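Encoded as C-alpha cells, the structure appears first; notes follow it.
The values are calculated or read from the model by the stated rules, or taken from the named source; none is laboratory data. Worth saying up front: this structure is predicted, and the values here are computed from it rather than measured. Here the Cβ is made from the backbone with ideal geometry for all residues, glycine too, and neighbour counts use every protein chain on show. Areas reflect the complete protein model, heavy atoms only, side chains present, ligands, DNA and RNA absent. Shrake-Rupley method; radii C 1.70, N 1.55, O 1.52, S 1.80 Å.
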Amino acid sequence: MITAPFDGAPRPTAGALRLTEARTENPASVDVNGYLADLIEHCPFLLPSIRRDMTGWTVYEITPGSHRYAVEADLFYAGVQAAEWVRPLMGRPYGVLACENVVLVGHCEGAGHRELLAWPHWALKNLYAPVGVMFGKFTQGAVEIGRRGQSIPPPPFSFLPVRAGVRPLDPKFLEATPDLATALAVAADDGRDVFEHIPCEWKAVREWASSLPMPQRP
C-alpha cells in the first residue's frame, strides 16, 4: 500500500498497488540498465543524472483483483510522492538532473497500462507544471517518435518519469497543450501546496483533470 502525505499527515490509499521495490538507483525487480544505455543519446541530462545517483526508481505491482479506478488513484498518489521528492532537490546544485520514476508492473482486468497511466499522468502534469515539475508517460513496448523524427527505444516496462522541468526545452514538448507549456515556461516553485485549491481525493482530482483543455492534435 502507498502512503500519501497530504495536509501534513499520511493518508492510506486504495491498496491497488503493492510496493515491490522502494526507491533505488539500481532496481533488481526490473532491468533498467540496457534501456538506459539506449536512451542516453536521446537525453543529454540522463548520463549526468545517473552518474550523480539522481535517477531513482520505485516499482509497484498491481494487486490482483484491483479495479481500474483504484489503480489510477494509487498511481496518482505515487506520482505525488515522486514529485514531492523532486521539488526540494530542484533548488540545489545539479537539481535539474533530479528524476524519479514510478514503475508499474502487473495486470488489471479490463484496462491495459496505457489506459491506467493516462488520467494520473494528465492530472499530475497539470498540478505540477506551475511549480516546474515535468511528468512523462511510457508504456511497455510502445514505440515513440522524438521531435527530430528519430525512434525512441521502446521501454521494457511501463513507468511515469518525474523530473525537474527545463524551461528552455520542455515547453517545446508541450505544443499540443499550450496552457501547460505556458505554465512550465514561467514556473517557479514557491513552496506552495499544489492541493491548496483542489481536494486531494482521486475522484475530485479526476473530475478537475477532465475539465481541463485536452491536447490539441494536428
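Take the stretch 201-218 and flag every residue that is outside any loop (DSSP other than H, G, I, E, B) and either open to solvent by 70 Å² or more (accessible area, probe 1.4 Å) or not aliphatic (A, V, I, L, M) (or both). Let's see the steps before the verdict.
Within the stretch 201-218, the first condition is being outside any loop (DSSP other than H, G, I, E, B), and the residues that meet it are 202-210.
202, 203, 206, 207, 208, 210, listed by residue number.
Which strands (runs of 3 or more DSSP E) does the stretch 88-200 wholly contain that include 1 or more residues that are among the acidic types (Asp, Glu) and under 27 Å from residue 24 (Cβ atoms)? Lay out the reasoning, then the answer.
Details: elements: 99-105, 133-135, 158-164.
The qualifying strands (runs of 3 or more DSSP E) are 99-105.
Which of the residues that make up the stretch 51-65 are surrounded by fewer than 20 Cβ atoms within 10 Å (Cβ to Cβ) and not in a strand (DSSP E or B)? Talk me through it step by step, then tell me what you get.
Residues of the stretch 51-65 surrounded by fewer than 20 Cβ atoms within 10 Å (Cβ to Cβ): 51-53, 61, 63-65.
The answer is 51, 52, 53, 63, 64, 65.
Being modelled with pLDDT of 95 or more, crowded, with 21+ Cβ neighbours inside 10 Å, more than 17 Å from residue 209 (Cβ to Cβ) and of a type in the set (Asp, Glu) is the requirement here; does residue 72 meet it? Talk me through it step by step, then tell me what you get.
Numbers: modelled with pLDDT of 95 or more: yes; crowded, with 21+ Cβ neighbours inside 10 Å: yes; more than 17 Å from residue 209 (Cβ to Cβ): no; of a type in the set (Asp, Glu): yes.
Judged against the criteria, residue 72 is not a match.
Mind checking which pairs have a first residue in the stretch 189-203 that is under 18 Å from residue 75 (Cα atoms) and a second that is outside any helix (DSSP H, G or I), Cβ under 7 Å, 6 or more apart or different chains?
Pairs found: 195/6; 200/6.
Restricting to the stretch 176-200, and then to whatever is more than 18 Å from residue 85 (Cα to Cα) and aliphatic (A, V, I, L, M), can you tell me which residue is most open to solvent (accessible area, probe 1.4 Å)?
Initial filter on the stretch 176-200 (more than 18 Å from residue 85 (Cα to Cα)): 176-186, 196-199.
When the remaining residues are screened for being aliphatic (A, V, I, L, M), the result is 176, 180-181, 183-186, 198.
Working: 176: 23, 180: 10, 181: 15, 183: 27, 184: 5, 185: 42, 186: 107, 198: 26 Å².
Checking each candidate, the answer is 186.
Tell me, please, whether a residue that is more than 13 Å from the chain's Cα centre (by Cα) and among the acidic types (Asp, Glu) can be found in the stretch 90-108.
Initial filter on the stretch 90-108 (more than 13 Å from the chain's Cα centre (by Cα)): 90-97, 105-108.
Still in the running and among the acidic types (Asp, Glu): none.
Within the stretch 90-108, not a single residue is more than 13 Å from the chain's Cα centre (by Cα) and among the acidic types (Asp, Glu).
So, of the residues in the stretch 33-45 that are free of Cβ contacts under 8 Å to residues at least 40 places away in the same chain and under 24 Å from residue 165 (Cβ atoms), which turns out to be least open to solvent (accessible area, probe 1.4 Å)?
Checked the stretch 33-45; the qualifying residue least open to solvent (accessible area, probe 1.4 Å) is 36.
Kindly indicate whether residue 125 is more than 11 Å from the chain's Cα centre (by Cα) and either among the charged types (D, E, K, R) or open to solvent by 70 Å² or more (accessible area, probe 1.4 Å) (or both). Spell out the reasoning first.
Numbers: more than 11 Å from the chain's Cα centre (by Cα): no; either among the charged types (D, E, K, R) or open to solvent by 70 Å² or more (accessible area, probe 1.4 Å) (or both): yes.
No.
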